[in-house]
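Report on one structure; see the data block that follows.
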Amino acid sequence: MNTPIHSSPINKKTGFINAFIAATLMGFVGFFARHINAQGDFIAFSRMACGAILFFLILAGRGKLFELKQHKLSWHMIASGFFMGNCLSAYVAATKLTSITNAVFFIYIGPIISTLLAVVFLKEKMRLVTWISVLAVFAGMLLIVGLVSYDPVKGLTVGIEFSEKTFVGDMLALYSGVGYGLFLFFNRFRTEVPGDTRAFWNFLFALIGITVLFVFTKPTISQMTSTDWMWWIAIGFVCGFGALGTCTIATRHLKAVEFACVSYWECVVAPVFVGLMIYGESISAPQLIGGALIIIGGMSEMLVSLFTRSKTNGEAAETQNATHAG
């Protein structure tokens, strides 16, 4: 006898909390990576392996391994995991073949891509305040990572430059952004599958994708010390299981644009909590403005979404009560 499938309802509050946690933990990737003397894709491997193992143990501990068979795999679930692993590997490779500025710019167009795909193919509606929020967080990202800056002498300058020498790196960076967008977009499908089950499949197929890439990248670990291995495990737990796991849960409850607006919080975490508080790096006025735009844009979308959801639920409840009373 098959156990009936029960799908928990969509909860915007749960979605936003997980999106915020995901963006915060993702902001610490650079901090952990600085302590690991290894190739970037091997570092990404830790994030995927740790996530797959821990979510499998969670399912086993909660007696929910049957859900792996009960909720049948679909190509959407396979694709989301594949692109999750590939976009991170492509990004790391891009940072070595083109400028950090270009690599950062391309990967951060991922949330915008997922939003546009969701609007076109999933018919997700966009309010005016949502468009304003998206523009605010994207502009904030350009400022806080130094892609756009202003100097009284030079005026407005853009840090993105393209050349024939960096073509391969730029294409890898573009793929990382497209891959990130597709990962988020495909996670909007199969929302009836519980978050921990979805997360396990995401990590598993991301792990498979990265392992296949090892055939071409041929990472080496001979230079790694015991300290490197400790940090390697730590980044897997924090920025793999923690960040990407909560990201998968968040995308189940949120529209693509709602997650996108919160995801840019990562751009604030990296320079403020890692750069300023840990390494004492200074923050410029444009970066402060950028951070403010990201916070305002993200908070605006979150508050409007929560308020609209509460109002809709309240009206539905009133209608239901009136119907019963009649």
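Nothing in this text is a laboratory measurement; each read-out follows from the coordinates by a stated rule. Treat the numbers as computed from the prediction; the structure is a model and nothing was measured. Methodologically, a virtual Cβ is constructed for each residue, glycine included, from the backbone with ideal geometry; neighbour enumeration extends over all protein chains shown.
Starting from residues that are in contact with an Asp or Glu (Cβ under 7 Å, 6 or more places away or on another chain) and in a helix (DSSP H, G or I), keep the ones in the range 16-62 and report whichever is surrounded by the fewest Cβ atoms within 10 Å (Cβ to Cβ).
So, considering only residues that are in contact with an Asp or Glu (Cβ under 7 Å, 6 or more places away or on another chain) and in a helix (DSSP H, G or I), the one surrounded by the fewest Cβ atoms within 10 Å (Cβ to Cβ) is 58.
Can you report the number of residues in the range 117-136 which are in contact (Cβ under 8 Å) with a residue 24 or more places away in the chain and over 17 Å from residue 252 (Cα atoms)?
The number of residues fulfilling the criteria is 9.
Suppose we filter the range 143-195 for residues that are outside any helix (DSSP H, G or I), surrounded by 21 or more Cβ atoms within 10 Å (Cβ to Cβ) and of a type in the set (A, V, I, L, M); how many remain?
1
Across the range 236-278, which residue is farthest from residue 132 (Cα to Cα) among those that are in contact with a Gly (Cβ under 9 Å, 6 or more places away or on another chain) and without any contact (Cβ under 8 Å) to a residue 60 or more places away in the chain?
Restricting to residues being in contact with a Gly (Cβ under 9 Å, 6 or more places away or on another chain) and without any contact (Cβ under 8 Å) to a residue 60 or more places away in the chain, the top hit is 275.
Which of the residues that make up the range 63-78 are touching a residue at least 60 places away in the same chain (Cβ under 8 Å) and surrounded by 13 or more Cβ atoms within 10 Å (Cβ to Cβ)?
64, 67, 68, 70, 71, 73, 74, 76, 77, 78 - these are the residues of the range 63-78 that are touching a residue at least 60 places away in the same chain (Cβ under 8 Å) and surrounded by 13 or more Cβ atoms within 10 Å (Cβ to Cβ).
I want to confirm something. Restricting to the range 63-93 and keeping residues that are assigned to a loop (DSSP other than H, G, I, E, B) and of a type outside the set (Ser, Thr, Tyr), which single residue is nearest to the chain's Cα centre (by Cα)?
73
Given the structure, is residue 98 among the polar types (S, T, N, Q) and touching a residue at least 24 places away in the same chain (Cβ under 8 Å)?
yes
Does residue 138 satisfy the criteria of being under 25 Å from residue 305 (Cα atoms) and not small (Gly, Ala, Ser)?
yes
Identify, please: which residue in the range 199-239 is outside any loop (DSSP other than H, G, I, E, B) and among the small types (Gly, Ala, Ser) and is, among those, surrounded by the most Cβ atoms within 10 Å (Cβ to Cβ)?
Step by step, filter the range 199-239, then rank; the result is 206.
Under 6 Å by Cβ, and 6 or more places apart or on different chains, what pairs join a residue from the range 186-204 that is under 12 Å from residue 81 (Cα atoms) and touching a residue at least 12 places away in the same chain (Cβ under 8 Å) with one that is assigned to a helix (DSSP H, G or I) and aliphatic (A, V, I, L, M)?
The qualifying pairs are 186/79; 201/77; 202/84; 203/48; 203/52; 204/52.
What residue, among those in the range 94-115 that are aliphatic (A, V, I, L, M) and over 16 Å from the mean Cα position of the chain (by Cα), is farthest from residue 209 (Cα to Cα)?
Result: 100.
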